[in-house]
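See below for the structure under consideration.
The values are calculated or read from the model by the stated rules, or taken from the named source; none is laboratory data. Keep in mind the model is a prediction, meaning the values are calculated, not measured. Surface accessibility is based on the protein's heavy atoms, side chains included, excluding ligands, DNA and RNA. Shrake-Rupley method; radii C 1.70, N 1.55, O 1.52, S 1.80 Å.
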Amino acid sequence: MTSFGLDLTLLDELPGPDEIRRMTASEFESLQTLLKFQRLSVGTSRPHLDWLHLAALKKKHESLAGMLAWLNSCLENRKPVWPGRE
């Protein structure tokens with residue numbers, strides 16, 4: 001798991017995916033200077049997901065449920081879309 005070191009205000013002000021795709025190399029590099037990468041934990045390869053644990057976490061954490069719904073939508077549409085910026 002990696003943190004990009006962005007607070008919510010800055011995250012809300014970032015350009016959307018289409019704007020990022022249209023950026024020049026120098027504009028994109030400038031945007032990257034805002035990121036402060038920090039590894040929070042190392043991933044572990046697993047042969048499957050623990051669906052029962054994930055379902056329990058979704059019930060406990062509304063934000064996780066929303067993130068997984070967004071991820072599912074992106075996978076179905078085969079492209080990422082930022083909520084509120086469709």
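Entry note, the chain: the mean residue ellipticity at 222 nm calculated from DSSP H runs of n ≥ 4, each adding -39500 (n - 2.57), is -15000 deg cm²/dmol after division by the residues and rounding to the nearest 500.
Along segment 49-55, what does the Karplus equation 6.51 cos²θ - 1.76 cosθ + 1.60 (θ = phi - 60°) give for ³J(HN,Hα), rounded to whole Hz, x for Gly and Pro? Residue by residue, segment 49-55 yields 8, 8, 5, 5, 5, 4, 5 Hz. Split the accessible area of segment 34-86 by element, probe 1.4 Å, and carbon with sulfur accounts for 59%. Residues in the chain average 90 Å² of solvent-accessible surface per residue, probe 1.4 Å, ligands and nucleic acids excluded. Working note: Cα gyration tensor of the chain, eigenvalues times five, square-rooted, sorted largest first, giving semi-axes of 27, 18, 14 Å.
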